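Notes to accompany the following structure.
The values are calculated or read from the model by the stated rules, or taken from the named source; none is laboratory data. A quick note: this is a predicted structure, and the numbers were derived from the prediction, not measured. Here the Cβ positions follow ideal geometry from the backbone for every residue, glycine too, while neighbour counts run over all protein chains shown. Accessible surface areas use protein heavy atoms only, side chains included; no ligands, DNA or RNA. Shrake-Rupley method; radii C 1.70, N 1.55, O 1.52, S 1.80 Å.
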Amino acid sequence: MLTHKGTQTLHTQRLTLRRFTPDDAQVMFDTWANDERVTRFLTWCPHKSPQATRELLEDWCAAYENPNTYNWAIEFDGKLIGNISIVQIKESLESVELGYCMGYDYWNKGLMSEATKEVLDFLFTEVGVHRIDLRHAVKNPASGKVAQKCGFIFEGTQRECFKTFSGEFLDISYYGMLRSDWEQQKN
């Protein structure tokens, strides 16, 4: 059984993972929410205005009332640079799916891997998950590199099973990590 604790503040060597606030809207908009390079392989299109970002953040912040909401803002050097969240929970399987995105200027610096590892530790130790899933577009291999760097196991690819906001069908690679995989990495 999962023991939900909600979005708790987490710290790594370089990052703070915290709850969003509506006041994050302008930075989120400027850093990644309006950037087609970031949203290209996601279900949502680039935001048209900081107001659209604020409205989304207001919804996200209201969701924090639920202890099964896990949605972290990622800060680096005191600046908001991305987010990492649980996008799906399967209570009966004690399983979750992880999703993330980050501003283009912060790609290829190991920051998302650092954030992901911290979230994995939290989910396995505090929430008690048995399995964590992660998937990404084959055309976005950088997300797969994050998964591999964090110890996820490649489990296969589904052909054209995902449709982007622009209508493109994409092949999706699937990764998984079991509690036993995570424990083995920790030893």
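Using a ≥ b ≥ c from the Cα gyration tensor of the range 1-83 (square roots of the eigenvalues), is it rounded, prolate or oblate, where a/c under 1.5 gives rounded and otherwise the larger of a/b and b/c decides, a/b for prolate? Note, shape of the range 1-83 comes out prolate. In this structure, Asp23 and Lys109 have a Cβ-Cβ separation that, at R0 = 25 Å, corresponds to a calculated FRET efficiency of about 0.50. Taking θ as phi - 60° and the Karplus parameters 6.51, -1.76 and 1.60, the scalar couplings of the range 59-74 work out to 5, 4, 5, 5, 5, 4, 5, 7, x, 9, 9, 10, 8, 9, 7, 9 Hz in sequence order, x denoting glycine and proline. Reported to the nearest whole Å, the Cα centre-to-centre distance from the range 52-94 to the range 3-36 is 7. Placing a label point 7 Å from the Cα of Gln148 along the Cα-to-Cβ direction, none of the residues of the range 155-187 has a backbone N under 11 Å of that point.
A cut-off under 13 angstrom between Cβ atoms defines the neighbours of Thr157, and their net charge, with Lys, Arg +1 and Asp, Glu -1, is 0. Surface composition of the range 74-155: carbon and sulfur atoms hold 48% of the protein heavy-atom accessible area at a 1.4 Å probe.
Placing dummy labels 7 Å off each Cα toward the beta-carbon, the span from Asn187 to Glu155 is 2.2 nm.
The modelled label-to-label distance for the pair Thr9/Glu126, using points 7 Å beyond Cα in the direction of Cβ, is 1.2 nm. The calculated 222 nm mean residue ellipticity attributable to helices in the chain amounts to -7500 deg cm²/dmol, summing -39500 (n - 2.57) over DSSP H runs of n ≥ 4 and dividing by all residues. Compute the Cα gyration tensor for the range 35-75, then decide on rounded, prolate or oblate, letting a ≥ b ≥ c be the square roots of its eigenvalues: rounded whenever a/c is under 1.5, prolate when a/b is larger than b/c in the other cases, and oblate in all that remain. Prolate, since a/c reaches 1.5 and a/b exceeds b/c. When a/c is below 1.5 the answer is rounded, else prolate if a/b is larger than b/c, else oblate, so apply that to the range 66-187 with a ≥ b ≥ c taken from the square roots of the Cα gyration tensor eigenvalues. In terms of gyration-tensor shape, rounded. Taking a straight Cα-Cα cut-off under 23 Å and skipping sequence neighbours fewer than 8 places away in the same chain, the lysines within cross-link reach of Lys5 are Lys90, Lys117, Lys186.
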